[in-house]
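Enquirer: One structure is given below, represented as structure tokens, and several questions about it will come after.
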Amino acid sequence: MQAAPEEPKPVGLVLDGEMRGEPHDLLAFVTAFALSTLEKPEAKVLTLSLTGSPLEGAAFTEAVARFYAISALRAFPERFQRYRGLPVGLDEGGAAAPTNPAVQTILSKQSEDGEPLYDHEIHAFTDTADPAALIRNGLTAQEDQSSAVVLNGAATSLVRVLGLNGGRELIESKVKHLVASLGDPQSGKPDAHLKADVEAARRLFAEWPTPIYVVGASLGQEAPFPGDRLAAGVDWSDRHPAVDLFREAAPPARRAAVREAAAVLFAVRPEQEYLTASEPGEFTVDKHGALQFEPSANGLHRYLTSTPAQSEDLNRVLEELALRQPAAREIPEFLKRFIEEQKKEDEQKDSE
């Protein structure tokens, strides 16, 4: 009798991006958290780090992670619904642009009893972690070839990981691929993520040891994410940080770019046909921050595009994930026994 095939293990995700309070920034993190809280999780978020982002962006990122984690603990008694998440890494450079005021508005919201609606523990730079050390430590405990890195911002922190003692070897051992939303080899135009640290981008493409997939800026422009549906709310909760942010956004901003979220989705589901990979080649970055691509049979780099039909499928999947309620985590047996013992002790005290 043949053994049943093993369930695929969740992909370990290293998320390095930016959070300035724009809907497209948030959509990438929501996609990752949604994939990690399915009934059969497809991803496990290993690390969260931000480059070129303000402190409020780090606080908001942690609040979103906390919201998803606590939502998945709803079957637990309230006193056990505690967030034990990972720290948020924040580079020392700070934000290159102001944060969307909606972030502070959402973080300041309170419940009827005066408690923060979206709790977080980041109030100063010292409450964040060093991104390079965070990423190294997150990868170290993973099985070989079990992880993927998603870069939705400047390459500064990832290049710092490469420069750590044994960093390149660690990446080569643990990471299947890097998926990045920076540059657009089809347009040849300078890109904000690349211009933020041109030298780091050049080093990344020259030294990163695994396959690299780039989601260009033009992806999804003809079919941006339909954020009005998310702004209308979800039927399983009267509070949701993504709903609040899309509601605060002006209607044009609700038609969010999808390339950052598409990078997350491809990192976890590369076999799905939401995107099409180019022939192999090599990326380079010019002095102006424009991405260039040279086909090469032995190259480790590819860029990702989508047809109109693929864009429709991509938006449908991203919307389903954004609206999905996190699956309820089952209470482990040891905790069930503890709860039952506590219940018996309380009943005995009441009877005395």
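The values are calculated or read from the model by the stated rules, or taken from the named source; none is laboratory data. What you see is a predicted model; the values in this text were computed from it and never measured. Cβ coordinates were reconstructed from backbone atoms using ideal geometry, including for glycine residues, and neighbour counts include every protein chain displayed.
Enquirer: Quickly run through segment 221-253 and pick out the residues that are within 19 Å of the chain's Cα centre (by Cα) and assigned to a helix (DSSP H, G or I).
Expert: Once the filter is applied, which keeps residues that are within 19 Å of the chain's Cα centre (by Cα) and assigned to a helix (DSSP H, G or I), segment 221-253 yields 227, 230, 241, 242, 243, 244, 245, 246.
Enquirer: Now, a different point. How many residues are part of a loop (DSSP other than H, G, I, E, B), of a type outside the set (Ser, Thr, Tyr) and touching a Phe, Trp or Tyr at 6+ places or on another chain (Cβ under 9 Å) if we restrict to segment 256-277?
Expert: 5
Enquirer: Of all the residues that make up segment 193-220, how many are in a loop (DSSP other than H, G, I, E, B) and either at pLDDT 90 or above or out of contact with any Lys or Arg (no Cβ under 9 Å at 6 or more places or on another chain) (or both)? Reasoning before the result, please.
Expert: We begin by selecting, within segment 193-220, every residue in a loop (DSSP other than H, G, I, E, B); these are 196-197, 208-211, 216-220.
Applying the additional criterion that residues be either at pLDDT 90 or above or out of contact with any Lys or Arg (no Cβ under 9 Å at 6 or more places or on another chain) (or both) yields 196-197, 208-211.
The qualifying residues number 6.
Enquirer: Could you count how many residues in segment 116-134 are within 25 Å of residue 152 (Cβ to Cβ), assigned to a loop (DSSP other than H, G, I, E, B) and in contact (Cβ under 8 Å) with a residue 60 or more places away in the chain?
Expert: 6
Enquirer: Run residue 172 past the list (1) at pLDDT 95 or above; (2) out of contact with any Pro (no Cβ under 7 Å at 6 or more places or on another chain); (3) surrounded by fewer than 16 Cβ atoms within 10 Å (Cβ to Cβ); (4) acidic (Asp, Glu) and report the number of the one that doesn't hold.
Expert: (2)
Enquirer: Identify, please: which residue in segment 23-72 is acidic (Asp, Glu) and part of a loop (DSSP other than H, G, I, E, B) and is, among those, farthest from residue 159 (Cα to Cα)? Give the steps one after another, and end with the answer.
Expert: Filtering segment 23-72 for residues acidic (Asp, Glu) gives 25, 39, 42, 56, 62.
Still in the list and also part of a loop (DSSP other than H, G, I, E, B): 39, 42.
On the way: 39: 35, 42: 27 Å.
Ranking the candidates gives 39 first.
Enquirer: Before we move on, is residue 268 β-branched (Val, Ile, Thr), closer than 21 Å to residue 22 by Cα and out of contact with any Pro (no Cβ under 7 Å at 6 or more places or on another chain)? Spell out the reasoning first.
Expert: Numbers: β-branched (Val, Ile, Thr): yes; closer than 21 Å to residue 22 by Cα: no; out of contact with any Pro (no Cβ under 7 Å at 6 or more places or on another chain): yes.
Against the criterion (β-branched (Val, Ile, Thr), closer than 21 Å to residue 22 by Cα and out of contact with any Pro (no Cβ under 7 Å at 6 or more places or on another chain)), residue 268 does not qualify.
Enquirer: Moving on to the next point. Consider residue 88 carefully, then state whether it is modelled with pLDDT of 95 or more and closer than 16 Å to residue 119 by Cα. Break it down into steps so the answer makes sense when it comes.
Expert: Details: modelled with pLDDT of 95 or more: yes; closer than 16 Å to residue 119 by Cα: yes.
Considered against the rule, which asks whether it is modelled with pLDDT of 95 or more and closer than 16 Å to residue 119 by Cα, residue 88 comes out as yes.
Enquirer: Which of (1) closer than 13 Å to residue 86 by Cα; (2) small (Gly, Ala, Ser); (3) out of contact with any strand residue (DSSP E or B) (no Cβ under 6 Å at 6 or more places or on another chain) is the odd one out, the single condition residue 58 does not satisfy?
Expert: With respect to (1) closer than 13 Å to residue 86 by Cα; (2) small (Gly, Ala, Ser); (3) out of contact with any strand residue (DSSP E or B) (no Cβ under 6 Å at 6 or more places or on another chain), residue 58 is out only on (3).
Enquirer: Right, here's the next one. Does residue 152 count as closer than 25 Å to residue 259 by Cβ and either modelled with pLDDT of 95 or more or of a type in the set (S, T, N, Q) (or both)? Outline the logic, then answer.
Expert: Numbers: closer than 25 Å to residue 259 by Cβ: yes; either modelled with pLDDT of 95 or more or of a type in the set (S, T, N, Q) (or both): yes.
The answer is yes for residue 152.
Enquirer: Tally the residues that are outside any loop (DSSP other than H, G, I, E, B) and surrounded by fewer than 16 Cβ atoms within 10 Å (Cβ to Cβ), restricting the search to segment 73-95.
Expert: Going through segment 73-95, the residues outside any loop (DSSP other than H, G, I, E, B) turn out to be 78-80, 88-90.
Add one more test, that the residue is surrounded by fewer than 16 Cβ atoms within 10 Å (Cβ to Cβ), and what stays is 78-80.
Here the count works out to 3.
Listed here are the residues, each with its yes/no results for (1) under 19 Å from residue 217 (Cα atoms); (2) surrounded by 14 or more Cβ atoms within 10 Å (Cβ to Cβ); (3) of a type outside the set (Gly, Ala, Ser); (4) at pLDDT below 95.
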residue	(1), (2), (3), (4)
258	yes, yes, yes, yes
267	yes, yes, no, no
274	yes, yes, yes, yes
289	yes, yes, no, yes
300	no, yes, yes, no
305	yes, yes, yes, yes
310	yes, yes, yes, yes
331	no, yes, yes, yes
336	no, no, yes, yes
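Enquirer: Give the number of residues within segment 178-192 that are within 17 Å of residue 17 (Cα to Cα) and surrounded by fewer than 19 Cβ atoms within 10 Å (Cβ to Cβ).
Expert: Final tally of qualifying residues: 1.
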